[in-house]
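Notes for the one structure printed next.
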Amino acid sequence: MAHIDAPVPQKLIKVRRLEAQDVTSYRELRLEGLKSHPEAFSSSWEDEAGKPASWWTERLETSVVFGGWIDDSPLLGVAGLRVNTATKLRHRGVLWGMYVRPHARGTGLAAALVQQVVEQAQTLVEEICLRVVDSNAAAHRLYSAAGFKQYGLERRALKVGSEYYDEVLMALRLR
């Protein structure tokens, strides 16, 4: 029996800045990430779940948060960029809040979100920093592939219940 190679249908990845009308899907995805992976975020589900809708809307209006979709899916991933406002720290931005739903991992969506953050940061800051839990090898690979370099390790950076987590500090110099 002959094996015929059939073309694999291309999936369309869409990334754009989230707006106020995205607040419901953003809140749902953010809380899912906080609940599923409490070790991956400095904030907690308990801290954010009770926040009013106005808090979530304000976050999207005052922060740079990108969302990602595949084809006509619901929101599958998010990543944020915070630019420091303090004079001596303005040259550095922070990639924060990165989360992609498990079934969308390995599709290129996470890389597309990171790339969008990097592109947005190009004209705003000289360097992007991030923190990633030491045990998340997939995230290390993602950020390394995007050009981020490890510059430190913060031991016991987070405490979830009675367990401590180390965080790797990474940075990408833009100019």
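The values are calculated or read from the model by the stated rules, or taken from the named source; none is laboratory data. As the structure is a computational prediction, the values presented were derived from the model and not from experiment. Backbone-built Cβ (ideal geometry, glycine too); neighbour counts: all protein chains shown. For accessibility, only protein heavy atoms count, side chains too; no ligands or nucleic acids. Shrake-Rupley method; radii C 1.70, N 1.55, O 1.52, S 1.80 Å.
What about residue 138, is it assigned to a helix (DSSP H, G or I), under 14 Å from the mean Cα position of the chain (by Cα) and closer than 22 Å to residue 63 by Cβ?
When the stated conditions are applied, residue 138 does not pass them.
May I ask you to say which residue of 79, 111 is closer than 21 Å to residue 143 by Cα and not in a strand (DSSP E or B)?
111
For the range 143-175, which residues satisfy the criterion of being buried (at least 18 other Cβ atoms within 10 Å of the Cβ) and more than 20 Å from residue 92 (Cα to Cα)?
158, 165
Among the candidates 105, 155, 90, single out the residue that is without any contact (Cβ under 8 Å) to a residue 60 or more places away in the chain, of a type in the set (D, E, K, R) and closer than 16 Å to residue 36 by Cβ.
105
If residue 41 satisfies every condition in (1) open to solvent by 30 Å² or more (accessible area, probe 1.4 Å); (2) in contact (Cβ under 8 Å) with a residue 24 or more places away in the chain but one, which is the exception?
Here residue 41 clears every test but (1).
Residue 86 is checked against (1) open to solvent by 70 Å² or more (accessible area, probe 1.4 Å); (2) farther than 30 Å from residue 11 by Cα and fails just one. What number does that condition carry?
(1)
Checking residue 112 against (1) under 20 Å from residue 34 (Cα atoms); (2) buried (at least 17 other Cβ atoms within 10 Å of the Cβ); (3) touching a residue at least 60 places away in the same chain (Cβ under 8 Å), only one condition comes out false. Which one?
Unmet for residue 112, out of (1) under 20 Å from residue 34 (Cα atoms); (2) buried (at least 17 other Cβ atoms within 10 Å of the Cβ); (3) touching a residue at least 60 places away in the same chain (Cβ under 8 Å): (1).
Name the residues in the range 70-83 that are crowded, with 20+ Cβ neighbours inside 10 Å and among the hydrophobic types (A, V, I, L, M, F, W, C), would you?
The answer is 76, 78, 79, 81.
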